[in-house]
Amino acid sequence: MQDEKKKVLLSIRDEKQYFPVKKSSFREKQKYVKANDGISLDIYEGETLGLVGESGCGKSTFGRTILQLYPQTDGEILYEQDGEMVSLKDQPPEKMRELRRQLQLIFQDPYSSLNPRMTAGQIIGEGLTAHGVYKKGDPALREYVLDVMKKCGLDSYMFSRYPHQFSGGQRQRIGIARSLALKPRFVVCDEAVSALDVSIQSQILNLLSDLKEQEHLTYLFITHDLSVVKYISDRIGVMYLGNLVELAPTEELFERTLHPYTRALLSAIPTTEADADKRERILLEGDIPSPVNPPSGCKFHTRCYQCREKCKQEVPVFEDKGKGHWVACHYPMEE
Ligand SMILES: Nc1ncnc2c1ncn2[C@@H]1O[C@H](COP(=O)(O)OP(=O)(O)OP(=O)(O)O)[C@@H](O)[C@H]1O
Ligand SMILES: [Mg+2]
């Protein structure tokens, strides 16, 4: 894809999401979990953007904040609609309903996100009736739901079955069908395959990529499993403690890793033996610091094996080093 041809679908500027921490006494100063602490990036139409990082670094919060499931603490989230960039913040309810249809979430856990008292057909059709696309009981709704089910690899006899009658992989297909039935433009897949067996994972990943082509979707694909995003993403963003530390086209990220944290993450992926000789396993020491009181300067400095004095004091700027390769590090690693 040429740069000038890329169309920006979402433009996120300095997005912050701070959650208040419960105070232990009245006098105590209010503290916040800085789950997202100033994230800026563009998401291009038609791409799959992978988002990785250790548990608790703020990936789900980022996905949910884009979708306006939480009001953001600060920053702008702009969304392209009819050639204009509209701010998702402070939209009137009617407009927000329409936008919500276009911006969907596929959940992490197919076991808990499906209502056990509704059939697969009802679950998949629910959003369509809620958004007034079809009326309840309309035969055309049934036809449409059956069509979506087929696209998602679910047989028509499954229409009247309940979630407990499905396997984990099938349940995830129901979750996908439910989101896609609404014909969204942008879908956040939050750990969409993490709960599944490896063989089922690849089936679901194939389904997601096929659907993306057919339906012209754009994905934000969140996972803690780098081997999964490598397979599916056009670009990958790496998060640490509420911030993006590196962002690059997938191949570029693997070939020319600039951030010491990304290096450590990549070194932990199991690979073929030939590869393993070349790469040294980098083990990070220490625990992830608290997002309530993150370290000064570069937040990664307490665990960085390249840390120098400047890193403890100055916050590194997230900047483009060429070829769309962004990094926030005072001493990026180049070979
Ligand atoms: N609704 C909430 N209220 C308060 N704190 C929250 C809320 N949601 C998330 N957090 C906190 O924000 C931080 C980021 O959480 P988040 O779920 O976004 O991480 P994650 O990267 O998705 O982790 P995982 O890989 O485990 O899913 C964590 O410290 C978490 O405890
Ligand atoms: Mg999460």
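The values are calculated or read from the model by the stated rules, or taken from the named source; none is laboratory data. Keep in mind it's a predicted model, so treat the numbers as computed, not measured. In this analysis, Cβ positions are derived from the backbone assuming ideal geometry, glycine residues included, and neighbour counts consider all displayed protein chains.
Can you pull out the residues in segment 1-57 that are without any contact (Cβ under 8 Å) to a residue 60 or more places away in the chain, under 18 Å from residue 89 (Cα atoms) and of a type in the set (A, V, I, L, M, F, W, C)?
Scanning segment 1-57 gives a single hit, 19.
Please tell me if residue 32 is at pLDDT 95 or above, farther than 25 Å from residue 85 by Cβ and not hydrophobic (A, V, I, L, M, F, W, C).
Numbers: at pLDDT 95 or above: yes; farther than 25 Å from residue 85 by Cβ: yes; not hydrophobic (A, V, I, L, M, F, W, C): yes.
Yes; evaluated as a whole, the condition is true for this residue.
Within segment 55-90, which residues are surrounded by fewer than 15 Cβ atoms within 10 Å (Cβ to Cβ) and either within 13 Å of ligand 1 (Cβ to nearest atom) or of a type in the set (D, E, K, R) (or both)?
55, 69, 70, 71, 74, 82, 84, 89, 90
Give the number of residues within segment 48-83 that are among the aromatic types (Phe, Trp, Tyr) and part of a loop (DSSP other than H, G, I, E, B).
1
If I filter segment 324-335 for residues that are touching a residue at least 60 places away in the same chain (Cβ under 8 Å) and outside any loop (DSSP other than H, G, I, E, B), do I get at least one hit?
Yes, there is a match, as at least one residue in segment 324-335 is touching a residue at least 60 places away in the same chain (Cβ under 8 Å) and outside any loop (DSSP other than H, G, I, E, B).
For the subset of segment 177-197 comprising residues that are surrounded by fewer than 20 Cβ atoms within 10 Å (Cβ to Cβ) and small (Gly, Ala, Ser), which member is farthest from ligand 1 (Cβ to nearest atom)?
Restricting to residues being surrounded by fewer than 20 Cβ atoms within 10 Å (Cβ to Cβ) and small (Gly, Ala, Ser), the top hit is 195.
Could you tell me which numbered condition residue 287 fails, if it satisfies all but one of (1) more than 29 Å from residue 21 (Cβ to Cβ); (2) more than 18 Å from the chain's Cα centre (by Cα); (3) modelled with pLDDT under 95?
(1)
Listed here are the residues, each with its yes/no results for (1) among the polar types (S, T, N, Q); (2) in a strand (DSSP E or B); (3) within 16 Å of ligand 2 (Cβ to nearest atom); (4) touching a residue at least 12 places away in the same chain (Cβ under 8 Å).
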| site | (1), (2), (3), (4) |
| --- | --- |
| 206 | yes, no, no, no |
| 219 | no, yes, yes, yes |
| 229 | no, no, yes, yes |
| 258 | no, no, no, yes |
| 262 | yes, no, no, yes |
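With outside any loop (DSSP other than H, G, I, E, B) and within 24 Å of residue 268 (Cβ to Cβ) as the only criterion, which of 298, 311 stands out?
After ruling out the rest, the residue left standing is 311.
Regarding residue 101, is this residue at pLDDT below 95, in a helix (DSSP H, G or I) and surrounded by 15 or more Cβ atoms within 10 Å (Cβ to Cβ)?
yes
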